Structure formats: structure tokens, C-alpha cells
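Here the structure comes first, spelled out in C-alpha cells, and everything after it is commentary.
The values are calculated or read from the model by the stated rules, or taken from the named source; none is laboratory data. As the structure is a prediction and not an experimental result, all values here were calculated from the model. Virtual Cβ from ideal backbone geometry, glycine too; neighbours counted across all protein chains shown. Note: accessible area is taken over every heavy atom of the protein model, side chains too, but ligands, DNA and RNA are not part of it. Shrake-Rupley method; radii C 1.70, N 1.55, O 1.52, S 1.80 Å.
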Amino acid sequence: MGMLSALKRGLAKTKTVFSASIEAIQGQTAGEDWESLLIATDMGAAFAARVTKQIKAQGGTDKKRGKEILREILIATLLPRQSDFFKDAKMPLVVMVIGVNGTGKTTTIGKIGGMLKNEGYRVMLCAGDTFRSAAKEQLAIWGERNDIPVVSKVAGADPAAVVFEALAKARAEKTDILLVDTAGRLHTKFNLMEELKKIKRVIAKDTQQMKTLLVLDATTGQNAVGQAEAFNDAVGVDGIVLTKLDGSAKGGIIVRIAAELSIPIAYIGVGEGVDDLRSFDARTFVDALLD
Ligand code: GDP
């Protein structure tokens, strides 16, 4: 299956809302219809107002023209956030993967690990989520599947201690990229952010070359934006992975993230399989959404 058709399948739920709403737009109320469509798919009120204003000014009631205006603004908004997360990274690199529980951190680490390994990198995983006992087992399965070493300790162990051990092992084994899973109890809990800061300090003591990757769940809609702000304030975010676009009709949240936060979007998740993680490509995304 081609890239575009696979992405279209992944975005099916959001696409359905889009096509049906565009279909229903009537001449008289075109401006308002565009606005409610953009809000309904979680693109955010500010973005919706901006697009609607331009459509009214330029396109008026012409639906086709409206769609082209929307396409142009979408690309202009998303393109600056497109980034190749690992492209210019110096090795050895440590990537701390953060995010609220259930967003898809462990799964995403498994997918990225497999991808990097296929590209020829020496990869190692660290089970830094010692709070949720299933996380360690899940990571072990991904490690086995892709023949990647996983460093872990017993449930309840100090995450910083697991990370410390993984850093030493990664160095000894000349690992290129160490992917660190972390716990994700709700970001409103002060302790989680403190724990992440501590892990970050442990990594920073060991290497200058670290990046943070934040995993956000598209089905949570607007909450994702708040989560991104909270994690960015606490530890800084170098890249975003937006998961579960396949399960959400609110895929437009990616637009709001792009418009409101200046954080690169590295990957999107459109399913649970190993091939369902895609580098974020703004033009392909917009084409998949609108065509
Ligand atoms: P964590 O708590 O953040 O580590 O989340 P998990 O990695 O355990 O993922 C939670 C659930 O989301 C699992 O059932 C995953 O299979 C599922 N999941 C992760 N990414 C995606 C995605 O892109 N699409 C779909 N449909 N499910 C996903």
C-alpha cells in the first residue's frame, strides 16, 4: 500500500467528519459552516477564526476555493513543525520518552527502536517506568521482537537508578541510541515532573547528547495541548509523537499543536502495528486529510 493511501486509512475517522461537513456546507452559511467544521475537528478556535476570515474574504461561498484556502493555511501551519528527529542528532544519543500513562509511550519506543535498528543503529531500551509493572514486560516483548537489549529492574525500583545502569551499559556496548521509557502518572501530580527532572539530571551528567520526545494521544483532543505545555515547562520537549490518530475523529488537534506550540512534530501513530508509526510529513498529512 502506498504512503498516502495508508495514511488516509489511518486518518479515516477524521476524514469522515471532514468530508461530510464539507459536503454539507451551503452557500448562505458557508463562513459559519467552515468555522464549526474546524472547531469540531479540534483545530482550535483561533485557527478556525483565522481560516474562516480568509475564506470569507477570498472564497466567499465557493466550496472548492474554500478547500484550497484551507489547504494552503494548513500546510503553512504544519510545515514549520515538520522535523526529522534523528537526522542531525549526534551519537551516542539518549532519548527520554515522556508522556501521560496510556498515551502510547511504550508502544512508540518499541516501534522507534525497531525502525532505528532496521536503519543500522545500535539501539538499547531502558525500562524507566518502574511504577507500572506491565510497562517492563511490554518493553521486554518489543526488545525480543526486534532483538534489542532492554535494561530493567524490579517494579518499584528508583527510575533514576535504572537509567544510571542503562547509561553505563549503553556506553560499554557502544550503543548509538538509548531510548528511555518513563512513568506517566498524570502530569498534574507534582511528583511526576520532579521525577522526570531527576532522570534528566542523571542523563545530563552522563552525556551532552540527549533529547526528549513527548508522546500525546490524539483521542484526548484538547487535553493534549495542556499536557504538552506542562511537560515542556518541566523538562523541555524536543519533539512530539501524536499517537492514535486512527482511533480519533479529532485528528485536527495536530493543527492546534502546530499553531499554538513551537515544538517539532516528529512522528504520528496511526495504528498498533510496528509499521503504523510514520515520520510526520506536512504535505502528505494535508493531502490525506483533504483528498
Ligand atoms: P503508555 O502507558 O504510554 O506506555 O502506553 P502504551 O504503549 O501501553 O499504549 C497504550 C495503548 O495504546 C496500547 O493498547 C497500544 O497498543 C495503544 N496504541 C499506541 N499507539 C497507538 C496508535 O497509534 N494507534 C492505536 N490505535 N493504538 C495505539
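Odds and ends about this structure:
- Residue selection: Arg201 fails the criterion of being over 10 Å from the mean Cα position of the chain (by Cα), basic (Lys, Arg), away from the ligand (no atom under 16 Å from the Cβ) and over 19 Å from Met96 (Cβ atoms).
- Subset of segment 82-94 that is part of a loop (DSSP other than H, G, I, E, B) and open to solvent by less than 60 Å² (accessible area, probe 1.4 Å) - its residue that is nearest to the ligand (Cβ to nearest atom): Phe85
- Scanning segment 219-254 for residues that are open to solvent by 40 Å² or more (accessible area, probe 1.4 Å) and away from the ligand (no atom under 15 Å from the Cβ) yields Gln222, Glu229, Asn232, Asp233, Asp238.
- Per-region count, segment 225-266, residues hydroxyl-bearing (Ser, Thr, Tyr) and within 14 Å of Gly99 (Cα to Cα): 1
- Neighbours by Cβ (under 8 Å, 6+ apart or cross-chain): first from segment 266-281, open to solvent by less than 40 Å² (accessible area, probe 1.4 Å) and in a loop (DSSP other than H, G, I, E, B); second polar (S, T, N, Q) and more than 7 Å from the ligand (Cβ to nearest atom): Phe280/Gln82; Phe280/Ser83
- Scanning segment 135-180 for residues that are among the acidic types (Asp, Glu) and within 14 Å of the ligand (Cβ to nearest atom) turns up just one, Glu137.
For (1) surrounded by fewer than 16 Cβ atoms within 10 Å (Cβ to Cβ); (2) touching a residue at least 24 places away in the same chain (Cβ under 8 Å); (3) touching a strand residue (DSSP E or B) at 6+ places or on another chain (Cβ under 7 Å); (4) assigned to a helix (DSSP H, G or I), each residue gets a yes or a no:
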| residue | (1), (2), (3), (4) |
| --- | --- |
| Ser5 | yes, no, no, yes |
| Lys13 | no, yes, no, yes |
| Ser21 | no, no, no, yes |
| Gln26 | yes, no, no, no |
| Glu35 | no, no, no, yes |
| Ala46 | yes, yes, no, yes |
| Ala49 | yes, no, no, yes |
| Thr52 | no, no, no, yes |
| Ala57 | yes, no, no, yes |
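- From the list Glu260, Glu272, the one residue that fits, being of a type in the set (Asp, Glu) and either under 21 Å from Glu195 (Cα atoms) or within 16 Å of the ligand (Cβ to nearest atom) (or both), is Glu272.
- Test result for Gly31, of a type outside the set (Lys, Arg), in contact (Cβ under 8 Å) with a residue 12 or more places away in the chain and within 16 Å of the ligand (Cβ to nearest atom): no
- Answer residue from segment 111-122, given it is under 16 Å from Ala266 (Cβ atoms) and over 20 Å from the mean Cα position of the chain (by Cα) and is surrounded by the most Cβ atoms within 10 Å (Cβ to Cβ) among those: Tyr121
- Meets criteria (within 19 Å of Tyr267 (Cβ to Cβ) and among the polar types (S, T, N, Q)) for Thr61: no
- Scope segment 95-110; condition open to solvent by less than 10 Å² (accessible area, probe 1.4 Å) and out of contact with any Asp or Glu (no Cβ under 7 Å at 6 or more places or on another chain); matching residues: Val95, Met96, Ile98, Gly99, Thr108, Gly110
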